[in-house]
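Here is the structure we will look at.
None of the figures in this text is laboratory data; all of them are computed from the coordinates on show. Model, not experiment: these values are computed from the prediction. With ideal geometry, Cβ positions are generated from the backbone for all residues, glycine too; neighbour counts draw on all protein chains shown.
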Amino acid sequence: MKETPDRVVVFSDHRPTIELIEERVTKLGRKAIVYWGAHSTPERDKRIRAFHEDERSVLIASRAGSEGRNLQFCNVLVNYDLPWNPMVVEQRIGRLHRIGQTREVHIVNLAAAGTIEAYILQLLDRKIKLFELVVGELDLILGEFGGAHTFEGRLADEWLASENEEDFARRVEAIGADIEKSSAVGKEQEQLNSSSRRTTTPYASSAGSRSCPLRVACGSATDEPPRPRRRLGRQAPAARRPRDGGARGTQVDRGHRRRHDAPASR
């Protein structure tokens, strides 16, 4: 927070954690704006306006903040705790990383080493490559696997069935292998679909045939602003904690995305 003078969005699914973050943010001399499902619609609108008007404010949101809000005027997102469902993570990112965003988006994920969240982050980063996707590609990657809900359910089942941490690590590797197979099948199908579209509409313009307007960073479209890059986080060594406990985060860069460490404390 001290190194980020601009607005920040912090997500957590736990109300006690949100209250703790609010207290810490206030002590740093910044305006903390809490946003959760208990607020009425007019109150939610009021809090979003306050977040927009104060360039140093920090929006601390529950899952309600990941749905139906456009926050592209902010470019820093912190996943204080990591959902087990990758679709929820994608929804959070989509609040900032969307059409209208003009800056590089920074994503910091916090996960303590040795927890299930650390394994989730490993799968999201190395297997699903969630932080490199554009909106909508997650369904393509996990289609053959069974979707995001299957990912969440299988992870929980393997956690309960594992005899120890080493056994769970092997089970996570198996999940990762299945995700890679699903990704390969999805990409092959997408290539076939793309070939079919080119065959049936040979004279379509590039703007008209673009299947997803959010892919502008990968092309040369001039009718939309460049799609911003993302920065993502990875876990740093820390003591095992409960789901709502402390964590340390490490910002990572992949390919054309810059990476750097960012220790976090609660």
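Below, the figures for the structure above:
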item	result
Net dipole in debye of the stretch 1-141 [+1 Lys, Arg Cβ; -1 Asp, Glu Cβ; about Cα centre; nearest 20]	280
Mean Cβ count within 10 Å, highest first, over the residues of peptides 175-188, 8-21	8-21, 175-188
Residue-span extension gain [D139 to A184] - 0.36 nm each, minus C-alpha spacing	14.9 nm
Qualifying lysines (Cα of each under 24 Å from Cα of K27; at least 8 residues distant if same chain)	K2, K46
Inter-centroid distance (Cα atoms) of the stretch 74-123 relative to the stretch 149-181, Å	20
Partners for K187 among aspartates and glutamates (Cα-Cα distance below 12 Å; same-chain residues under 8 apart left out)	E137, D139, E144
Whole-Hz ³J(HN,Hα) from phi, Karplus 6.51 cos²θ - 1.76 cosθ + 1.60, for the stretch 21-28, glycine and proline x	4, 4, 5, 5, 5, 4, 5, 7
Nonlocal amide H pairs with V34, under 5 Å, H built at 1.01 Å	I60
For V76, residues with placed amide H under 5 Å, excluding near neighbours	V9, H106
